[in-house]
Amino acid sequence: MTDRRPSWTFLTNHGHVLLAVAEDPDSRVADIAARVGISTRATLGILRDLEDDGYVTRTRRGRGTHYEVQPHRPFRHPRHAHRDVDDLIAVFAPR
C-alpha cells in the first residue's frame, strides 16, 4: 500500500466550500479558496450557487463578509435528499 493520494475526492468543491464556511463564517473568499485549493473566482461562483439555492446567507460586516450555513437544507442528489447538510457538517466541521 502506498501513501499516494488518488486524483479524485469524495466531496465536490461545493462541499468543501460549504464546510469551510461552516468552520469559519468570517473567512475571506481568498482564504476559503486557498483552503479548498481552487481559484478565488471559482470560490465566488460556488458561494453564489450556495447562496442562490439557500444553503448559505451572506451579510456585510464593515469591510468584511459573514457567511452563515442555513440549517436543515437537504442534499441535492435525489438518493440523499432525505438527509440534511447538517449531517455532513457534523462529521467534517463539528462545532
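Of all residues in the range 14-35, those that are among the small types (Gly, Ala, Ser) have Cβ atoms under 7 Å from Cβ atoms of residues that are part of a loop (DSSP other than H, G, I, E, B) and at pLDDT below 95, 6 or more apart or on another chain, in Ala22/Ala93. Can you spot a residue in the range 4-11 that is closer than 27 Å to His72 by Cβ, open to solvent by 80 Å² or more (accessible area, probe 1.4 Å) and outside any helix (DSSP H, G or I)? For the range 4-11, residues closer than 27 Å to His72 by Cβ, open to solvent by 80 Å² or more (accessible area, probe 1.4 Å) and outside any helix (DSSP H, G or I): present. The set of residues from the range 42-72 being of a type in the set (D, E, K, R) and open to solvent by less than 80 Å² (accessible area, probe 1.4 Å) comprises Asp49, Glu51, Asp53. The residues of the range 34-51 that are among the aliphatic types (A, V, I, L, M) and more than 23 Å from Asp87 (Cα to Cα), listed by number, are Ala34, Ile38, Ala42, Leu44. Selection of the range 42-69 for residues being outside any helix (DSSP H, G or I) and among the acidic types (Asp, Glu) yields Asp53, Glu68. Scanning the range 73-95 for residues being open to solvent by 100 Å² or more (accessible area, probe 1.4 Å), assigned to a loop (DSSP other than H, G, I, E, B) and more than 17 Å from Pro25 (Cα to Cα) gives a total of 4. Residues that are surrounded by fewer than 14 Cβ atoms within 10 Å (Cβ to Cβ) and part of a helix (DSSP H, G or I) within the range 23-41 comprise Ala30, Arg41, listed in sequence order.
The values are calculated or read from the model by the stated rules, or taken from the named source; none is laboratory data. Computed from a predicted model, the values in this text were never measured in an experiment. Positions of Cβ are backbone-derived with ideal geometry, glycine not excepted, and every protein chain shown enters the neighbour counts. Please note that ligands, DNA and RNA were not included when accessible areas were found on the heavy atoms of the full protein model with its side chains. Shrake-Rupley method; radii C 1.70, N 1.55, O 1.52, S 1.80 Å.
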